[in-house]
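The values are calculated or read from the model by the stated rules, or taken from the named source; none is laboratory data. These numbers come from a predicted model, not from an experiment. Neighbour counts are summed over all protein chains in view; Cβ atoms, including those assigned to glycine, are modelled from backbone coordinates with ideal geometry. Keep in mind that these areas ignore ligands, DNA and RNA; they rest on the heavy atoms of the full protein, side chains included. Shrake-Rupley method; radii C 1.70, N 1.55, O 1.52, S 1.80 Å.
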Amino acid sequence: MPLTDAQVAQFRADGYLVVEDVVPAERVAEMRRKIDAIASDTGGDVAQRMGVQLEPDAPTDGALPRKLNELAPHDAAFRRHAEAPELLEMVGQLIGEPLRLYTDQAFLKPPRQGSAKPPHQDNAHFGVDPADWGITVWCALDDATEANGCMQYFAGSHLQGAVPHVWEGGTTHLIPERLDLPAPVHAPVRAGGVIFHHLQTFHMSAPNTSDAWRRAYACHYIRTDASHLYEEPIQARLGDDHPLKR
Ligand SMILES: O=C(O)CCC(=O)C(=O)O
């Protein structure tokens, strides 16, 4: 179902939009199963191909993944999600068309070990120009709650434009040189719900203090006429028959 005019207006004002019940339960369960298989063998070929990053403070006897990259080129379950017509229709309403998948990532917060993600703007990593022509679509694979580290958004922060970011020493995080914003808003969402966010909306997430996993799969789309930092967008590595290549 397409987004309503009110939802589009809310996205434009707040820089993010929570939409429940977008992704069918079977597709969510399939992606969760795949992630579990990869997570159970972080040293294995698949996890390595997906550039697995581990929780920095996990016990040494059990490596816990916090992030996987570029799942769609390697696995049909994630491609099915990334290409789902109902999702692409909503993305088109928010950033226009034609679209390509720029990159994708799984953000994992293992029970009690999942670490925080500091506030940042995605476009500090992505370099999409204009920033309005890109978007992140964050899909909850588990119910995301305050306890397990749901997303938090600085509403309206996309309107202030790009803020310079620097690497946070000893981590893989880019953090802003300054952050002068009112407190963020928690954005809980049930499994199968998605959150759309603008590439310049500041967002973060807290550690997982619960006994439950918080798994999410984020697809980052851009318009094909946007300029971008990565020389080879993900679609260049997908087959010619891939719907996002047309
Ligand atoms: O899932 C998280 O906790 C962080 C996700 C994030 O930073 C993003 O989707 O851009």
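Out of curiosity, is VAL128 away from the ligand (no atom under 14 Å from the Cβ), open to solvent by less than 40 Å² (accessible area, probe 1.4 Å), closer than 20 Å to ALA72 by Cβ and modelled with pLDDT of 95 or more?
no
Would you point out which residue out of HIS198, HIS165, HIS173 is open to solvent by less than 60 Å² (accessible area, probe 1.4 Å) and over 30 Å from VAL28 (Cα atoms)?
When all the criteria are applied, what remains is HIS165.
Given the criteria hydroxyl-bearing (Ser, Thr, Tyr) and touching a Cys at 6+ places or on another chain (Cβ under 9 Å), does THR103 qualify?
Working: hydroxyl-bearing (Ser, Thr, Tyr): yes; touching a Cys at 6+ places or on another chain (Cβ under 9 Å): yes.
Yes, satisfied.
Output the residue which, of all residues in region 34-53 that are in contact (Cβ under 8 Å) with a residue 12 or more places away in the chain and exposed (fewer than 13 other Cβ atoms within 10 Å of the Cβ), is farthest from the chain's Cα centre (by Cα).
Per the stated criteria, the residue is GLY43.
Quick check: is even one residue across region 14-34 in contact with a strand residue (DSSP E or B) (Cβ under 6 Å, 6 or more places away or on another chain), β-branched (Val, Ile, Thr) and not in a loop (DSSP other than H, G, I, E, B)?
Yes, because at least one residue in region 14-34 is in contact with a strand residue (DSSP E or B) (Cβ under 6 Å, 6 or more places away or on another chain), β-branched (Val, Ile, Thr) and not in a loop (DSSP other than H, G, I, E, B).
(1) within 15 Å of the ligand (Cβ to nearest atom); (2) farther than 19 Å from SER115 by Cβ: which one isn't true of GLU177, the others all being true?
Every listed condition holds for GLU177 apart from (1).
Considering each residue of region 128-172, count those that are touching a strand residue (DSSP E or B) at 6+ places or on another chain (Cβ under 8 Å) and at positive phi, and give that number.
Adding up the residues that qualify gives 1.
Matching residues to (1) out of contact with any Asp or Glu (no Cβ under 9 Å at 6 or more places or on another chain); (2) open to solvent by less than 40 Å² (accessible area, probe 1.4 Å); (3) closer than 30 Å to GLU177 by Cα:
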| site | (1), (2), (3) |
| --- | --- |
| PRO24 | yes, no, no |
| GLU55 | yes, yes, yes |
| ARG66 | no, yes, yes |
| PRO73 | no, yes, no |
| PHE78 | no, yes, no |
| LEU88 | no, yes, no |
| GLN93 | yes, no, no |
| GLU97 | yes, no, no |
| GLY114 | no, yes, yes |
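For residues that are surrounded by fewer than 23 Cβ atoms within 10 Å (Cβ to Cβ), touching a helix residue (DSSP H, G or I) at 6+ places or on another chain (Cβ under 9 Å) and at pLDDT 95 or above, tally how many sit in region 142-161.
Of the residues in that region, 4 qualify.
So which of ALA84, ALA106 ends up being among the aliphatic types (A, V, I, L, M), within 15 Å of the ligand (Cβ to nearest atom) and either open to solvent by 40 Å² or more (accessible area, probe 1.4 Å) or modelled with pLDDT of 95 or more (or both)?
Details: ALA84 fails: within 15 Å of the ligand (Cβ to nearest atom).
After applying the criteria, what remains is ALA106.
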